[in-house]
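The values are calculated or read from the model by the stated rules, or taken from the named source; none is laboratory data. Here the structure is a predicted model, which means the values were calculated and not measured. Cβ placement follows ideal geometry from the backbone for every residue including glycine, while neighbour counts extend to all protein chains displayed.
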Amino acid sequence: MPKIKRALISVSDKAGLDELARGLASMGVEIISTGGTSKALKDAKVPVTDISDHTGFPEILDGRLKTLHPKIHGGILGIRENKKHQEEMAKNNVCPIDLVVVNLYPFEATVAKPGCTFEEAIENIDIGGPTMLRAAAKNHHDVAVVCDPADYPAIIKEMREKGGEVSAETKFMLAKKVFAHTARYDSAIITHLSRYDDAGKLLEVPSVVGLTFEKVQDLRYGENPHQKAAFYRDARAAAEPSVANANQLHGKELSYNNIMDADATIEMVGEFVDNPFAAVIVKHANPCGVAVSKGSLSDAFAKALSCDPVSAFGGIIGLNRALDEATAKTISETFFEVIVAPKYEAKALEILKQKKNIRLLEIPGLGEKFKHSGFALRKVVGGALIGDRDLSCDDVRGSKVVTKRGPTEEEWAALEFAWRVVKHVKSNAIVYAAAGRTVGIGAGQMSRVDSSKIAVMKAQSSLKGSVIASDAFFPFRDGVDAAAAAGATAVVQPGGSVRDEEVIKAADENNIAMVFTGVRHFRH
């Protein structure tokens, strides 16, 4: 491969710029640069040629026009082994450019700022940068192209080891990275602009959604062994607590189903950031035990496990605080697939690492108040459903009391807890709870009364004095009658059925307090 003799550098993000430029200059590489990048290099005492001196044409239109010039794109696109190209370049005084280092105007960061105007967004759409990147990536056989400052050290190292050359393999890798980068950039632009209608009015949902995902890892198989799969990270996702941002501290690689269940667990733990200690156990994307405690994490976990220890076997544990030694000892007595926690104490790690296969995931920010972002995406054949994530924090105590008797203070507390849990249970969903812990969970049934019956059947302790939460309204009184027969004394549900009066009457007849939130939490 030919040596790198001439480089064009034009970057918005100046991270690592000095080291890169000094490394290139030390190997005799001529550097051409633009505006702010050129100034930064001169301030760093690195020899540089201004782009206007190279092209013989000034930067104009407030910097909008500087690199869109035949001497730039001819130097990038000219094929070195094409005799006609070389003759035309020589005839038009176009010098080859062997290395292009460009990163783009920060469009995504700009539009993410509160109060960003439409005009600001437009001005942060880079034109020359993507054009240079795509040109260099297209001609990657002859030109090395770098869009990520994280790649600077490796490029300098390879050039030093190879006498100023960059291998064909590295050039192709960098080219693919560029096309992924520009695709993401264009995707961000069209997604943002599609939030406005043709008159400039902001829409509730965009007319076009561009999605870009980066592969994190190949998976051994998909949901079942005969299916292939890989795990991808949303390229534009915020750094909120998620499986995509997890640090795996121990255990074999995550499976498709591990990732699905861990995601459900993390979402559920997020409901209890304001509790001193909370523990969640999830199986097949449904919680099978949830508890909070003012005393200790081990107490919260023990209460969560007691709800349904049979279903908990082989499940996923979620914790809102650092996993300590006492909790680790209790956990180690049962088989679990995955644990997600914000941190792990050293002794807890020592205990759990004795189990070869358990996956230990450290989730930065888990258990802390966090501004959630993004949307929910569900792929269907031929399309997709995209909508807001269900992040509502309903004011249960502000709900409408519809029965003759209102909840007691103890019942209000239990109803608040149950309502947080039920939104994470697959519909139809019924949750029995008491004193900061679930005591029976019924999930995913075709009728609500069946979910209620399953919750009663699964209960490991008496349901007398418990409360129930229903993710949607009771269509008939049978669900309330079943709750009363089980011993429940209070109910929280959205309301809104044509038979609400019949359901309220059933509650009054059974001396059950009932409140309507007016908010449904279906989870399919």
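Could we say that residue 335 is within 27 Å of residue 440 (Cβ to Cβ) and surrounded by 20 or more Cβ atoms within 10 Å (Cβ to Cβ) here? It is false that residue 335 is within 27 Å of residue 440 (Cβ to Cβ) and surrounded by 20 or more Cβ atoms within 10 Å (Cβ to Cβ). If you filter segment 9-19 down to residues that are among the hydrophobic types (A, V, I, L, M, F, W, C) and within 11 Å of residue 146 (Cβ to Cβ), you find that the one that is surrounded by the fewest Cβ atoms within 10 Å (Cβ to Cβ) is 11.
In segment 173-282, counting only strands (runs of 3 or more DSSP E) that sit wholly within it, the ones holding 1 or more residues that are polar (S, T, N, Q) span 213-218, 247-250. Does residue 413 qualify as being at pLDDT 85 or above and either surrounded by 19 or more Cβ atoms within 10 Å (Cβ to Cβ) or of a type outside the set (A, V, I, L, M, F, W, C) (or both)? Spelling it out, it is not the case that residue 413 is at pLDDT 85 or above and either surrounded by 19 or more Cβ atoms within 10 Å (Cβ to Cβ) or of a type outside the set (A, V, I, L, M, F, W, C) (or both). Of the residues 379, 423, 356, the single one that is among the charged types (D, E, K, R), out of contact with any Ser or Thr (no Cβ under 7 Å at 6 or more places or on another chain), in contact (Cβ under 8 Å) with a residue 40 or more places away in the chain and exposed (fewer than 14 other Cβ atoms within 10 Å of the Cβ) is 356.
Return a yes/no flag: does segment 73-89 have any residue that is farther than 24 Å from residue 164 by Cα and either surrounded by 18 or more Cβ atoms within 10 Å (Cβ to Cβ) or in contact (Cβ under 8 Å) with a residue 60 or more places away in the chain (or both). For segment 73-89, residues farther than 24 Å from residue 164 by Cα and either surrounded by 18 or more Cβ atoms within 10 Å (Cβ to Cβ) or in contact (Cβ under 8 Å) with a residue 60 or more places away in the chain (or both): absent. Among the numbered conditions (1) closer than 15 Å to residue 101 by Cβ; (2) crowded, with 16+ Cβ neighbours inside 10 Å, the only one that residue 36 does not meet is (2).
Within segment 168-203, being touching a residue at least 60 places away in the same chain (Cβ under 8 Å) and among the aliphatic types (A, V, I, L, M) holds for 168, 188, 189, 193. Yes or no: segment 20-33 includes at least one residue that is touching a Ser or Thr at 6+ places or on another chain (Cβ under 6 Å) and either hydrophobic (A, V, I, L, M, F, W, C) or in contact (Cβ under 8 Å) with a residue 40 or more places away in the chain (or both). Checked against the condition, which is being touching a Ser or Thr at 6+ places or on another chain (Cβ under 6 Å) and either hydrophobic (A, V, I, L, M, F, W, C) or in contact (Cβ under 8 Å) with a residue 40 or more places away in the chain (or both), segment 20-33 yields at least one hit. In segment 287-294, the count of residues that are within 20 Å of residue 457 (Cβ to Cβ) and in a loop (DSSP other than H, G, I, E, B) is zero.
Output the number of residues of segment 84-124 satisfying the condition of being in contact with a strand residue (DSSP E or B) (Cβ under 8 Å, 6 or more places away or on another chain) and either among the hydroxyl-bearing types (Ser, Thr, Tyr) or assigned to a helix (DSSP H, G or I) (or both). Explain how you work it out, then say what you get.
Restricting attention to segment 84-124, the residues satisfying the condition of being in contact with a strand residue (DSSP E or B) (Cβ under 8 Å, 6 or more places away or on another chain) are 95-103, 118.
When the remaining residues are screened for being either among the hydroxyl-bearing types (Ser, Thr, Tyr) or assigned to a helix (DSSP H, G or I) (or both), the result is 118.
Of the residues in segment 84-124, 1 are in contact with a strand residue (DSSP E or B) (Cβ under 8 Å, 6 or more places away or on another chain) and either among the hydroxyl-bearing types (Ser, Thr, Tyr) or assigned to a helix (DSSP H, G or I) (or both).
Residues of segment 295-316 that are outside any helix (DSSP H, G or I) and within 22 Å of residue 432 (Cβ to Cβ): 308, 313, 315, 316.
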